[in-house]
Structure formats: C-alpha cells, structure tokens
1. Let a ≥ b ≥ c be the square roots of the eigenvalues of the Cα gyration tensor of the stretch 162-227; is it rounded (a/c under 1.5), or, if not, prolate (a/b larger than b/c) or oblate?
2. Given a 1.4 angstrom probe, I'd like the percentage of the accessible area of the chain that is carbon and sulfur, rounded to a whole number.
3. Could you derive backbone 3J(HN,Hα) for the stretch 568-579 from the dihedral phi with the Karplus parameters 6.51, -1.76 and 1.60 (θ = phi - 60°), listing whole Hz in sequence and x where the residue is Gly or Pro?
4. Which residues' amide hydrogens lie under 5 Å from the amide hydrogen of residue 373, considering only partners 5 or more residues apart or on another chain, with H built in the peptide plane?
5. Which of the residue pairs 104/550; 104/225; 463/550 have a Cα-Cα distance greater than 21 Å in the structure shown?
6. Could you rank 289, 551 by how accessible they are, 1.4 Å probe, largest area first?
7. Assuming a ≥ b ≥ c are the square roots of the Cα gyration tensor eigenvalues, decide whether the stretch 77-175 counts as rounded (a/c under 1.5), prolate (otherwise, with a/b larger than b/c) or oblate.
8. Please list 72, 484, 218 from largest to smallest accessible area, probe radius 1.4 Å, with all protein chains kept in place.
Amino acid sequence: MAYDPIEKNPEIARRANMADYARARAEFSWDAARKQIDGFPGGRLNIAHEAIDRHARSGHGAQVALRWISKSGQRQDFTYQDLSRQTNRFANVLKGKGIGRGDKVFALLGRVPELYIAALGTLKTGAVFCPLFSAFGPEPIRSRMEIGGAHAVVTSGRLYKRKLKSLRADLPDLQTVFLTDGQDPGTETLPSLMAQAAEDFDTVPMAAEDPALLHFTSGTTGTPKGVVHVHEAVVAHHVTGQYALDLKPGDVYWCTADPGWVTGTSYGIIAPLTNRVTMIVDEAEFDVTRWYETLAGEAVNVWYTAPTAIRMLMKAGAGAAQAQAFPALRFMASVGEPLNPEAVIWGNDTFGMPFHDNWWQTETGGIMIANFASMDVRPGSMGRPMPGIEAGILEIRDGSVRELTDPMAMGELALRPGWPSMMRGYLHEAARYRKCFRDGWYLSGDLAMRDAEGYFWFVGRSKDLIKSAGHLIGPFEVESALMSHPAVAEVGVIGVPDETAGEIVKAYVALKPGHTPSEDLRLEMLGHARKHLGPAVAPKEILFRQNLPKTRSGKIMRRLLKARELGLPEGDISTLESDEA
Ligand code: ATP
Ligand code: MG
C-alpha cells in the first residue's frame, strides 16, 4: 500500500521501548497471570470475589471503591466493604426468588450504583449478567432479552413503564422484574427487598469455564451477536488493566464508557475493582465543562475514554481545557474506534500526555493490542499485542490462509485463541461462531497492517474496504487526513459504485462550530485531502452533515451511510444513536 503512516506522521518516529516490551512479553504467561487471582479451593473462582471481597477481607474495606456523581452533581461513596455488603444483599434477593447458577439477569439502568451492585451481586450467585443500553427502545430490549433468555431484569420505575412493561407478554422466560424505585403490579421493589435481605452471602465458587457475562456486540456491521464470557475472563481483565491502562491500587480511575457496552463491564467494573482502584461513575451524559471539572475535581489518575468523546472535546476548543489543571492525571487511553493521530497529538498538547489507543472487541473480552504504559505511543497506531497475545496479519484467499510478515502489508487482523477472556460462543449461533476461526486463528473482521517494530495500524472493517481504480483504500486513513483539516469535527468515509473506477471515495463531514458548509470549503477540503493522500486515495466527493450516524457505543455506522447512498434497506439499526443529516 502506498500509504505509510510513519512517513505521514514523522513526529512519531521515536525510539520505541523495544527492550521493555520484549521483556514484558517474554516474562509473561497466562499461568503466572492466573496466580494473581485469589480464587477458591479446587481451582474455583468468581469474578465478584476478585473484584470486591478479596479487598474487603484483606484490610482495604475502608477504601472507596465507587464514587458516584449523580446528574445533579451529588456525590455518594461506596467503600469496598459497602459494596461487599450490598452485593451480598442483592445475591440474597436473587436467591430468594430462586435465581442462581446459569440463570440470566439483565440490567436496564443508567450509570447508577444499583447497576454495579446488580452486576456483582448476580455474579456472586453464579448467575450470568447481561447489561443493556438504557437508551435502547423497546424492540432492541425485547430481542436481546429474548435471545438471552432473561430470567430477571433490574431496571428503574421510569424505564420499566416506558420500555419494558408492554413487552412482558412477549417474554415468557422473564420471571422477575426488580424496580430500583417505585412500584408497579407484577414487579418487585428492590429497595425493600434489599433492606430485608441478609448481609452475608457465600459467593458461589465457579469453574473457570462457567458462563459469567453475556454481551451484545455494537451492531456496527450488522445484527448484534450475543457473546458469552466465562468467569476465568477475570484473569485477562486484571492483567490487561495493569499493562494497558496502567492501573495501580489506590488510583482514581474514570472509565467513561456506557455501562451497556462491553467496555462498561470489562473496564468499567471488573478490571478497576480487581486492581483495587477508586472508580468514578458519573451519571450524566457527555458535557464538556462537566467532564473537565470531573477530571480535575476528582483528581483522576487514569482516564479511559473513546474517540467520539475526544473529538467532541477537541471540537469545543482548547480554552475549555485550559480553564482547569490536571496535575493528578497520569495516563489516558482510548478504545472503540480508530483514534486519529490528530487526536493523540491534541491530547499531548492539552494534557501533556498522549492518548494511548488500544484495540479489542466484544468477542475478545479484553484489550488485545495497546500502546501500553511502558512503550512509546505511535499516533494513529493501535499499539502492539499485549503480553500473552499473538496477533497476525492474514491474507485469506479462496480457502487458503497465509500470514503476511512484510512490514505494512495489509490483511485481516487475527489472533491466536487461548486467552482467558476470549468469547466461548455466540449465543444460539454456532455456525457464525465457527466461521470466526481458520487454521488456528481467530479472525477479527478488521483489516490492519503491522510495521517493522510490530505496531499495528487499523485500516478499516473488512466490509468497509474501498476498491478504487486498482487501489485498496481503508476508510481510516482518509478520515484521519480530513480530521487534520481545522474545520473538521468528525468524518465518515465510504466507497460508492462508479462505472470507471469500480468505487470512488466519498466522505461525510461534520464541521466544528464556527464553520459553515460552503462550496469554497468543500473544494478546500478536497484539495487538503489530495495533498495529504494523493489523488488516487483522496475522496472525490465530500458531503456536509450535522453529525454522523453512530452506534450507542460511539461507532460511526459506515454501512448505514452506504445503504442510504445506494438506496438499500437500512438493515438492523437497533443500536443507532445520533443521526442528523
Ligand atoms: P458488530 O460486531 O455488531 O458489527 P462492533 O464490531 O462495532 O459491532 P464491538 O465489539 O463493540 O462491536 O467493537 C469492536 C470493533 O470496534 C473492532 O472490531 C474494531 O472494528 C473497532 N475498534 C475497537 N477499538 C478500536 C481501535 N482502537 N481502533 C480501531 N478500531 C477499533
Ligand atoms: Mg464486531
């Protein structure tokens, strides 16, 4: 491929800490990592024990585990001891309703303490926890609860009345609905049950392979899949939290992910608690001023966020950040979407440290590739494989699979299965699951390149690759080039059919405040892109939009842009969030 991100970003060609990286990988083994887990006799374990009781029982009960900031700005602290007792009570409530091992307990809640208590209390009983986006409408809720075979759900009185109540007849497996507030016929009032429940509970010792979590994928490329994870996943959550997020006991940590998404569980509940940090949970939606105030006011040490949020902060300008100081901040990381080099550099200018991009999927359960703490960041790169993870770039052609080892060869990003947080299946979709594996590799469905130092560079989803006049073009490089134009707030790129070229590159651009769409600006941007990318790769068309269609986990839905462009059916849009033409 013509495009060379290192050449395009000369400021990043710094010396990487190859020695540290090589040592970390050489010294690492999953068996050694398993020893970091407390566990129960006979090789049994339970995620909730590692997250809470282990610390509560070893002299850290008084440390704040969760600091909740309500929408109106009130704070409520839960120590490890508090969480231990509350999750015991919740486990007893479930037990009282006959819910236990293997049963599915769903949560339809915003960022409220009850969500965290329900998640960990569920795990204590051996039941499987499944979070939903609270912003989902009734249909995505119904289909997920049906696929998942929900036995119980925890929700608020308001969400119940608006979204769930009318679905009850369609969900015969759903026996119990717990309301965190209010009352309604056919539901249980959680606060009164919690008040009556005993404060002691013997966490159920689980086998490593027992299911613990059910997560639905983001639905960026199609109908969401129900992904099953097991209790042993906690080993991967724990160590990746250390390597990729630099979590240290006692840190103040803020993960901004929505709790309905896998990041909200793996790195919004499990990894931070097993590493004994103090988690900040802010109930409110994104708000520039509030976010900066939280980062500064709570003295956040480690911050894990996403490109969409970073781009919104960039859009608001430097002034907003400059109003605050962040002396406590030590590490910033990003996940979920490709992080444009522009954003990494902006982070460096604004906070004095880069955003550390990392890559993983619902299926992988935990971070697989990262710019981790002990190595230099390459802006625009996802980083290098975690210790214990082998990643490769594959060429898959007519039934044969070949690993590509030349630097910057583009192919399918694949992983050697065998880490503890790997999915154990797609619920009810055995064939779809089997199709993910070839010749001993797990195929991610993403395209990437690997440079000579082993850093991986995201190209795009396999399905989003653009074939134009003999060139293979990944949307990400075009999007990154446009992002470097000062007027661009966000951009999504697709290929549209063209008689001569096969496909041409088309970009949908949302502008920063203070810029208005005009023909002059459009031509200027086309020129800017051509200068950065060359005429073969640069977009031929640019269309201005208010914003781009995104999933609730903040991913640009390029397939939707494309379906509309081609006048095709929109497909599954159950996770669609913002979308203004
Ligand atoms: P679906 O599988 O339903 O289409 P999805 O793949 O978006 O949805 P997730 O599992 O939430 O669902 O997202 C994982 C995907 O997100 C990855 O396969 C990748 O395409 C993208 N992604 C995550 N992190 C990064 C990153 N750091 N850089 C580039 N892409 C990323
Ligand atoms: Mg996916």
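The values are calculated or read from the model by the stated rules, or taken from the named source; none is laboratory data. Keep in mind that this is a model prediction, so the values were computed, not measured. Every residue, glycine among them, receives a Cβ derived from its backbone with ideal geometry; neighbour counts consider all protein chains shown. Just so you know, the surface numbers come from the protein's heavy atoms only, side chains and all, with ligands and any DNA or RNA stripped out. Shrake-Rupley method; radii C 1.70, N 1.55, O 1.52, S 1.80 Å.
1. Working: a/c = 2.49, a/b = 1.14, b/c = 2.18.
Because a/c hits 1.5 or more and a/b fails to exceed b/c, the stretch 162-227 counts as oblate.
2. 50 percent
3. For the stretch 568-579, the Karplus-derived couplings read 9, x, 6, x, 6, 10, 5, 9, 5, 10, 7, 5 Hz, x marking Gly and Pro.
4. 246
5. Those over the limit are 104/550.
6. Details: 289 85, 551 0 Å².
Ranking 289, 551 by accessible area, largest first, yields 289, 551.
7. Oblate.
8. From most exposed to least exposed: 72, 484, 218.
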